[in-house]
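Below: the structure, in structure tokens.
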Amino acid sequence: ACPPEPDFSQGYVWGLYDYDIYVSDRNGGDPLRLTDSPGYDAEATVSPDGKRIVFTSVRDGDLELYSMALDGSDVKRLTRTPGYDGGAFFSPDGKRIVYRAHHPEGEELAAYQRLLAEGKVRPTRLEIWVMDADGGNARPVTDNGAANFAPYFHPDGKRILFASNVHDPKGRDFDLYLFGIDGQGEERVTFRPEFDSFAMFSPDGKPLVWASNRHGAQQGDTNIFVADWVE
């Protein structure tokens, strides 16, 4: 069953439920549990060669990124800065990882830690980061103070597609943007007034799939869309 919605009395928050990560065959059979630590183990994605999984966990008291072998062994911590690190994907060659992060300081960090103790996180400010697959050379791609999330590498490995509300003063509308991994060459991809996010390229870079609130039967409905990608 779906977990209960988080308490929004403290503003818009995401619930950090007691999840674990499993792998199964393509039909959902023969499930194998890969994590067994208390709290949140989630947001897992697999490397292109099928050998490593990157995921978010609260096992060490903060929301950090880890990698492990496909059978759950050889767990390695990748990030160590206080704050939220998550939503990671590998680059097409498996050498880099792109993710969303927010590293607050001072009173903001204390507020983040109070929410974390309640199993919540407030995702109203997130920047896009890249790092090496072993956690080295971590650096931000964006620095606009908005809620940037759901990053995914273009098949050329040189650009990142992600969702952001940077264009909306009210912070409610999200569209897709394309950035170089050096933070240059910003290009807005979608322009609809509804939510657009969670975009992924096919391996050959020709079709793009993403989620959008457009054409919903009722407000807030999310549908899946596919389109040809034209440079």
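The values are calculated or read from the model by the stated rules, or taken from the named source; none is laboratory data. Predicted model, so just to flag it, every value in this text is computed and none were measured. Note: ideal-geometry Cβ built from the backbone for every residue, glycine included; neighbour counts use all protein chains shown. Surface accessibility is based on the protein's heavy atoms, side chains included, excluding ligands, DNA and RNA. Shrake-Rupley method; radii C 1.70, N 1.55, O 1.52, S 1.80 Å.
Looking across the stretch 127-141, the residues that are open to solvent by 20 Å² or more (accessible area, probe 1.4 Å) and among the charged types (D, E, K, R) come down to Asp132, Asp134, Arg139. For the stretch 124-141, the tally of residues that are basic (Lys, Arg) and in contact (Cβ under 8 Å) with a residue 12 or more places away in the chain stands at 1. Just one of the numbered conditions (1) open to solvent by 90 Å² or more (accessible area, probe 1.4 Å); (2) in a strand (DSSP E or B); (3) small (Gly, Ala, Ser) is not true of Ala211: (1). Filtering the stretch 12-47 to residues that are closer than 24 Å to Ala147 by Cα, in contact with a Pro (Cβ under 8 Å, 6 or more places away or on another chain) and surrounded by 13 or more Cβ atoms within 10 Å (Cβ to Cβ) leaves Val13, Trp14, Gly15, Tyr17. Every test in (1) over 14 Å from Thr56 (Cβ atoms); (2) at pLDDT 95 or above; (3) not β-branched (Val, Ile, Thr) is passed by Ala1 save one, and that test is (2).
Only one residue in Gly61, Gly50, Gly87 is surrounded by fewer than 19 Cβ atoms within 10 Å (Cβ to Cβ) and more than 16 Å from Gly119 (Cβ to Cβ), so which one is that?
Values: Gly61 fails: more than 16 Å from Gly119 (Cβ to Cβ); Gly87 fails: surrounded by fewer than 19 Cβ atoms within 10 Å (Cβ to Cβ).
Checking each option against the conditions leaves just Gly50.
Thr124 meets the conditions (1) polar (S, T, N, Q); (2) in a loop (DSSP other than H, G, I, E, B); (3) open to solvent by less than 60 Å² (accessible area, probe 1.4 Å) in every case but one. The failed one is (3). The residues in the stretch 90-112 that are under 19 Å from Arg159 (Cβ atoms) and either out of contact with any Leu (no Cβ under 9 Å at 6 or more places or on another chain) or surrounded by fewer than 20 Cβ atoms within 10 Å (Cβ to Cβ) (or both) can be counted, and the count is 8. Looking across the stretch 64-84 at every residue that is touching a residue at least 40 places away in the same chain (Cβ under 8 Å) and among the aliphatic types (A, V, I, L, M), the one that is surrounded by the most Cβ atoms within 10 Å (Cβ to Cβ) is identified as Leu65.
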